[in-house]
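One structure is given here, and the rest of the page talks about it.
The values are calculated or read from the model by the stated rules, or taken from the named source; none is laboratory data. Computed from a predicted structure; not experimentally measured. Here the Cβ positions follow ideal geometry from the backbone for every residue, glycine too, while neighbour counts run over all protein chains shown. Keep in mind that these areas ignore ligands, DNA and RNA; they rest on the heavy atoms of the full protein, side chains included. Shrake-Rupley method; radii C 1.70, N 1.55, O 1.52, S 1.80 Å.
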Amino acid sequence: MSTPPQGSSGPRPDPLDGQDAVDPRSPAGASEPTPEQFLAVQQSEEFRGLRRSFRGFAIPMTITFLVWYLTYVLLSTYAEGFMSIHVFGNLNLGILMGFSQFLMTFLITWLYIRHANKSLDPVSSRIRDELEGAL
């Protein structure tokens, strides 16, 4: 059996046992929401609006990206002549369309961050604060 370090009054509690754990994200004095409170929030108009806003962005963007990607793959497979058209120097249309996949990814990410900051985060923060009793 090991002895506690000198100057210590006894064994230290295990930080992983969860007994004295405090969630640093929850405000002081906030209580844990009940399942009934979660259900009430889930059925609220504010939460439904949040889901509509998210889906209204995510579904069209997903479809747009998939169509753009599949168009690129199909053109690469079945339209070699079209994809090998030289644009300038050693760059052809296929290479530029391939690079555009990266640009499309960055564009969608930027658009999502802008949408989330403006439309999703304020509502979700308000809902979370109400659930945690901070308001």
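A few comments on the model shown:
- Close amide H partners of Asn92, meaning residues 5 or more places away or on another chain with modelled amide H under 5 Å apart, are Val87.
- Residue separation of Val73 and Ile59 scaled by 0.36 nm, minus their Cα-Cα distance, works out to 2.9 nm of gained length.
- Working ranking of peptides 75-85, 123-133 by packing, defined as the average number of other Cβ atoms within 10 Å per residue, highest first, is 123-133, 75-85.
- Charge dipole (debye, nearest 20) of the range 33-117; +1 at Cβ of Lys and Arg, -1 at Cβ of Asp and Glu: 120
- Fraction of accessible area attributable to carbon and sulfur, the range 78-135 (%, probe 1.4 Å): 66
- One equal scatterer on each Cα of the range 33-135, no solvent, Debye formula: the resulting log10 I(q)/I(0) at q = 0.10, 0.14, 0.15, 0.22 Å⁻¹ is -0.48, -0.69, -0.74, -1.10.
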